[in-house]
1. So is Phe168 assigned to a helix (DSSP H, G or I), of a type outside the set (Lys, Arg) and either touching a Pro at 6+ places or on another chain (Cβ under 7 Å) or modelled with pLDDT of 95 or more (or both) or not?
2. Looking at the range 26-45 only, could you name the residues that are assigned to a helix (DSSP H, G or I), surrounded by 20 or more Cβ atoms within 10 Å (Cβ to Cβ) and not basic (Lys, Arg)?
3. Tell me which residues, restricted to the range 144-165, are at pLDDT below 90 and among the charged types (D, E, K, R).
4. Report yes if some residue within the range 57-68 is touching a residue at least 24 places away in the same chain (Cβ under 8 Å), of a type in the set (Ser, Thr, Tyr) and under 22 Å from Leu129 (Cβ atoms); otherwise report no.
5. Specify the residue that is surrounded by the most Cβ atoms within 10 Å (Cβ to Cβ); the eligible residues are those in the range 57-97 that are under 30 Å from Ile122 (Cα atoms) and of a type in the set (Phe, Trp, Tyr).
6. Identify all residues within the range 122-147 that are more than 19 Å from Ile16 (Cβ to Cβ) and of a type in the set (A, V, I, L, M, F, W, C); write none if there are none.
7. What is the one condition in (1) modelled with pLDDT under 95; (2) farther than 17 Å from Val295 by Cα; (3) among the small types (Gly, Ala, Ser) that Gly214 does not satisfy?
8. Give the residue, chosen from Lys189, Lys110, that is among the basic types (Lys, Arg), part of a helix (DSSP H, G or I) and either assigned by TED's automatic domain parsing to the domain that holds Leu15 or more than 16 Å from the chain's Cα centre (by Cα) (or both).
Amino acid sequence: MNKYINIWLFSACILIITMVVIGGITRLTHSGLSMVQWKPVSGSIPPLNETDWQVEFDHYKQYPEYKLINNKMTLDEFKSIFFWEYIHRMIGRFLGLLFVIPFCIFYYKKMIPDKLYPNLFIMFGLGFLQGLMGWYMVKSGLADNPHVSHYRLAAHFLLAVALVGYIFWTILDFNYKKIKFPVNSGLLKYSIIISVIIVLQMIYGAFTAGLKAGFAWNTFPLMNGLWIPDGLFSLNPVWKNLVENNMTVQFIHRYVGILILTIVSGLLLKVRKQPENYHIKKPVTRLAIIVWIQVILGISTLLMFTPVWMAVVHQVLAVLLFLSSLHLIWTLKQN
């Protein structure tokens, strides 16, 4: 694949991950509901003077977050939360331009391989859905309840992960020579299961963030002094506990993390004992290293009451962990 197209796609991956970072900061600084209007074009221009700032602040005052939570907020304090949401939205707009403008140039110069077009159109579709879901998520916090829906937060995050994952897979497919290795369907299925569990863990990570469950039960490994705390199934119907009970969501997030650590460590030991699997030692080792760092960081984030920088790094490592699992699957599929 043309090196300029490679640079284009790699740049998109980096920008999406950057967006995940800024999105995490936006959420943790409670900045996500500061921009209450959706103006895809004119919204690119920030307030330029005190009058503009006051107008923007007056808009914010009409919504529940100000009325119920931030009614003593000053204009200067508003500027600080507005900054992160504005940067987040601008990166989203820039990402759109990064897709469209180079695509038009490459198309005009006939630099795009024919077989790449379906991949690019899927990327465009995922990118569009990601932007749409972002606004749909924000809207959930502009109604009576000044908190975004944790379901929509999870969907927004997972669409970003799906987009960066699809671009990454496309880069692998179009750039790296496929080398025939002995087929190991067992390891391939095992790796796919790991990837699915990682996605489940990211969903529960988003639920934990959206429900602010990380700010409670800040001990490990016990919760409320117990291995299995009381209150895990306090909601009715029972299934609601799996997705809406803060304690249960955090409990699941903890132990799915331990499950991933266990099965990835087991895979690493298995691969290192089998010489015929030499071609996947590096991707499995990389996956295991990221898992260990992620688990240690997750526990540290919990014990330290969710400092912003730790929580953001934890979120980004989740994306890198998913990409690492995809790379392992891609490697195992080369036969």
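1. Details: assigned to a helix (DSSP H, G or I): yes; of a type outside the set (Lys, Arg): yes; either touching a Pro at 6+ places or on another chain (Cβ under 7 Å) or modelled with pLDDT of 95 or more (or both): yes.
Considered against the rule, which asks whether it is assigned to a helix (DSSP H, G or I), of a type outside the set (Lys, Arg) and either touching a Pro at 6+ places or on another chain (Cβ under 7 Å) or modelled with pLDDT of 95 or more (or both), Phe168 comes out as yes.
2. Within the range 26-45, the first condition is being assigned to a helix (DSSP H, G or I), and the residues that meet it are 26-28, 42-44.
Going one step further and asking which of them are surrounded by 20 or more Cβ atoms within 10 Å (Cβ to Cβ), we end up with 26-28.
Passing the criteria: Thr26, Leu28.
3. Asp144
4. No, the range 57-68 contains no residue that is touching a residue at least 24 places away in the same chain (Cβ under 8 Å), of a type in the set (Ser, Thr, Tyr) and under 22 Å from Leu129 (Cβ atoms).
5. Residues of the range 57-97 that are under 30 Å from Ile122 (Cα atoms), as a first pass: 84-97.
Retained after the next criterion (residues that are of a type in the set (Phe, Trp, Tyr)): 84, 86, 94.
Numbers: Trp84: 22, Tyr86: 20, Phe94: 14.
So, considering only residues that are under 30 Å from Ile122 (Cα atoms) and of a type in the set (Phe, Trp, Tyr), the one surrounded by the most Cβ atoms within 10 Å (Cβ to Cβ) is Trp84.
6. At the first step, the residues of the range 122-147 found to be more than 19 Å from Ile16 (Cβ to Cβ) are 139-147.
Those that are more than 19 Å from Ile16 (Cβ to Cβ) and of a type in the set (A, V, I, L, M, F, W, C): Leu142, Ala143.
7. With respect to (1) modelled with pLDDT under 95; (2) farther than 17 Å from Val295 by Cα; (3) among the small types (Gly, Ala, Ser), Gly214 is out only on (2).
8. On the way: Lys110 fails: part of a helix (DSSP H, G or I).
That would be Lys189, the only listed residue that is among the basic types (Lys, Arg), part of a helix (DSSP H, G or I) and either assigned by TED's automatic domain parsing to the domain that holds Leu15 or more than 16 Å from the chain's Cα centre (by Cα) (or both).
The values are calculated or read from the model by the stated rules, or taken from the named source; none is laboratory data. Just so we're clear, the structure is a prediction, and the values are computed from it rather than from any experiment. Because the Cβ atoms are built from the backbone with ideal geometry, glycine has one as well, and the counts that use them run over all protein chains shown.
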